[in-house]
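The values are calculated or read from the model by the stated rules, or taken from the named source; none is laboratory data. A quick note: this is a predicted structure, and the numbers were derived from the prediction, not measured. Here the Cβ positions follow ideal geometry from the backbone for every residue, glycine too, while neighbour counts run over all protein chains shown. The protein model used for the area step is the full one, side chains on, heavy atoms only, and it has no ligands, DNA or RNA in it. Shrake-Rupley method; radii C 1.70, N 1.55, O 1.52, S 1.80 Å.
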Amino acid sequence: MSVALNHTIIHSRDNRESAEFLAHILGLEIGTEWGPFIPVETANGVTLDFATIPAGSITVQHYAFLLSEEEFDVAFGKIRRAGVAYFADPHGKHPGEINHNDGGRGVYFTHPAGHGMELITRPYGYQEAGVE
């Protein structure tokens, strides 16, 4: 049996706002509300179940999404048009920039619930064939 992540719960102040924000940036669909969850499914079948909890109970998490170059262009354009602050690094020391780590592109931004979001076009440690 192969092991795969199926779903995770993302705490938010407003589950609908949070799901809609991320689905819009990533070009994904929002699923049918199920109990306290608003689901957003990624291309590899992992469901992000957004749940509303009190703001003071939210533990900030980090979520990284691997996109194609074309998907990155579209998502990054949406971030910029929405006026969302973005950074080349997770510590916010390089505002208004993207990174070019591992031969790709990456950007960090903050989700409305305070979670750190990352978009990358190459997995960490990626090496193109014949390039060292």
If one compares the long axis through the Cα atoms of helix 15-26 with the longest principal axis of the Cα atoms of the chain, the angle in degrees, nearest 10, works out at 20
Burial-style ranking of 89-97, 5-13, average other-beta-carbon count within 10 Å with highest first, yields 5-13, 89-97
Relative contact order as a percentage, region 25-112, C-alpha pairs under 8 Å and 6+ apart, gives 17
Taking Lys and Arg as +1 and Asp and Glu as -1, residues besides residue 42 with C-beta under 13 Å from its C-beta add up to -4
For the pair residue 70 and residue 97, the simple spin-label estimate (label points 7 Å beyond Cα toward Cβ) gives in nm 3.0
Taking Lys and Arg as +1 and Asp and Glu as -1, residues besides residue 68 with C-beta under 12 Å from its C-beta add up to -2
In the chain, taking the dipole from +1 charges on Lys and Arg beta carbons and -1 charges on Asp and Glu beta carbons about the Cα centre, the listed residue (26, 2, 44) farthest towards the positive end is 26
The answer for the chain, accessible area per residue at 1.4 Å probe in Å², is 60
Quick calc, the chain, dipole around Cα centre from Cβ unit charges on Lys, Arg (+) and Asp, Glu (-), nearest 20 debye, gives 380
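About the Cα centre of region 67-132, what is the dipole size in debye to 20, counting +1 per Lys and Arg Cβ and -1 per Asp and Glu Cβ, all else neutral? Let's see the in-between values first.
Working: 6 positive and 10 negative charges, 80 e Å.
Here the size comes out at about 380 debye.
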Carbon and sulfur atoms account, in whole percent of the 1.4 Å probe accessible area of the chain, for 53
Computed over the chain: longest principal axis from alpha-carbon atoms vs helix 69-81 long axis, angle to nearest 10 degrees, is 60
Which residues qualify? For residue 7, with a placed amide H closer than 5 Å and at least 5 residues away or on another chain, they are 47
Taking a label point 7 Å from the Cα of residue 5 along Cα-to-Cβ, the residues of region 35-65 whose backbone nitrogen sits under 14 Å from it are 40-50, 61-65
